[in-house]
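In what follows, a structure is listed as structure tokens, so that the remarks can point back to it.
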Amino acid sequence: MENLDLMVLRRLKAWRELGHRALLATVVRTWGSSPRPVGSIMALCDSGAVVGSVSGGCIEDDLIYRYTQAYAQGAQAQGEPAEMPQGPPQRVKYGITADEAHRFGLPCGGTLELLLEFDPDPKALAELIAHLESGQLVHRRTHLASGLVTLQTGTVPQALSMNEHELVNTFGPEYRMLLIGAGQLTR
């Protein structure tokens, strides 16, 4: 079974290479109950196509609406082509109020924060994918003011971290199952 992050990154790269506008959404913080863990990613193409998951459906639906239909309607009213936003990454919070948590299907009043990166560079995505396909662990650093991404290979997995300047997300090999002991069941 292929790693979901790798599937998301490959599809995002393909969209960008074909000239599509796209965004990469990353779960950067959760409070209370959350359907997906911190570090989960999703890509959204300007056509409305989605790969990956940040919630389980409801937030994905809202992002599709916000960044495809809503922009298309506004642009059509002004006689311009519809486009996704550009520029530095943006933070978006879901589930701040009980009504919003219920509307987006966040259990137990959970709240989550996403970082949205617009039009990731296909060359940087290709470099990240090449590292991952060769089995390397990679720390992807996103500068929040500019959106500039740098990659650093590593040997130790790190939890996602974000401060006022950058997001650092680790991609790479994961444990699938750890067996301890030399008994009959382990064999």
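Since every read-out is calculated from the coordinates, none of them should be taken as a lab result. This is a predicted model, so every value here is computed, not measured. Heads up, the Cβs are rebuilt from the backbone with ideal geometry, glycines too, and the neighbour counts pull from every protein chain shown.
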Two-site FRET efficiency, V156 against W31, from Cβ-Cβ distance with R₀ of 25 Å, rounded to 0.05: 0.40
Cβ-Cβ FRET estimate between K123 and L179, R0 fixed at 41 Å, reported to 0.05: 0.55
Alpha-carbon centroids, segment 127-182 and segment 1-56: separation in whole Å: 15 Å
Length released on extending from R66 to Q136, taking residue separation times 0.36 nm less the Cα-Cα span: 21.7 nm
